[in-house]
Amino acid sequence: MTEDGDEKMQGEILKSLRDSLDPLELIFGKEIVPLFVNNEFVQHIAKLRRELAKEGILMPIVRIKDFPGLKPGEFMILAYQNVIYREVLDEIHEEKLSYIIGKLGETVRNHYDEILNADMIKVMTDNLKIKYPALIENVVPEKIPYGLLLDVTRKSVRRGNSTLYLPKIIEGVEHELREYGVCDAAKLAERVCAKLERDDNFWVVMNAGTKQTEI
């Protein structure tokens, strides 16, 4: 094997390692494969990404693949190899593609705390810096490490709060660190969420009766 060939193989191996534990996967039996062989799938995903973005949700790259051993018509949605949704379709036709993508959207919304990772937090804060430079510059990650912000955001999402309020979460965490030196993620989340969860907050109203209180 030539040196160039060895470097190419090493690059492929490293890529496989990077992709070995994806934050989001959609796997399905071979009977469902025909639904994903045209550009309609790409269009559906693009539409879903735009819809989720309006809710403050950044959806990571979705790995799509058929998987031997699944039941006919079965599909699963995985987060870091954990099954967060599964279903067996009673019939398979073109309209089921939009149905599956719809279930993907519901699952991302319902399990976003499990899907979020530090790199996604970095992308979101880098994007916020464009509109809110004073909020982000010299604050994230200098004062608020990505890992700490991830933990607080996860706990906030778990309570039913939207990531649309990430700027307020950052503002609240920075205030708590500056004024009180609180570094415990659970305590930070409790204090920050208490400020977010006003009775007139839109997401409080929408999640009335279903909001989680566990930190």
Antiparallel %, DSSP beta bridges [both residues in segment 25-144], to 5 | 70 percent
Output the antiparallel fraction of DSSP beta bridges having both residues in the chain, as a percent to the nearest 5.
-> 70 percent
When the accessible area of the chain is split by element with a 1.4 Å probe, what percent falls to carbon and sulfur?
-> 53 percent
Using label points projected 7 Å from each Cα along Cα→Cβ, tell me how many nm separate GLU12 and ARG191, to one decimal.
-> 5.3 nm
Which of ARG109, ARG86, ARG154 is most accessible, then next, and so on - probe 1.4 Å | ARG86, ARG109, ARG154
Residues of type aspartates and glutamates that LYS155 reaches as a straight line, Cα spacing below 15 Å, ignoring anything fewer than 8 places off in the same chain | ASP113, GLU114, ASP184, GLU190, GLU197, GLU214
Once volume of the Cα convex hull per residue in Å³ is worked out from the coordinates, which option in (i) 155; (ii) 178; (iii) 126 does it equal?
-> (ii)
For labels at ASN38 and ARG63 in the simple 7 Å Cα→Cβ model, what's the distance in nm?
-> 2.8 nm
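When ligands, DNA and RNA are left out and all protein chains stay put, how many square angstrom of accessible area per residue does the chain have with a 1.4 Å probe?
For the chain, the solvent-accessible area averages 59 Å² per residue.
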Taking a threshold of 27 Å on the Cα-Cα distance, which of the pairs LYS65/LYS129; LYS96/LYS122; LYS54/LYS168; LYS47/LYS71; LYS30/LYS122; LYS47/LYS195 fall above it?
-> LYS65/LYS129; LYS96/LYS122; LYS47/LYS71; LYS30/LYS122; LYS47/LYS195
Hydropathy first: keep DSSP H helices in the chain averaging at least -0.5 on Kyte-Doolittle, then drop any whose Cα extent along the axis falls short of 15 Å, and list what survives.
-> 96-110, 118-131, 146-158, 185-196
FRET efficiency (LYS96, ASN127; Cβ distance; R0 25 Å; to 0.05) is 0.15
Helix-derived [θ] at 222 nm for the chain: sum -39500 (n - 2.57) over DSSP H runs of at least 4, divide by residue count, nearest 500?
-> -16000 deg cm²/dmol
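The values are calculated or read from the model by the stated rules, or taken from the named source; none is laboratory data. It should be emphasised that the depicted structure is a prediction, and the values quoted were computed from it without experimental measurement. With ideal geometry, Cβ positions are generated from the backbone for all residues, glycine too; neighbour counts draw on all protein chains shown. Keep in mind that these areas ignore ligands, DNA and RNA; they rest on the heavy atoms of the full protein, side chains included. Shrake-Rupley method; radii C 1.70, N 1.55, O 1.52, S 1.80 Å.
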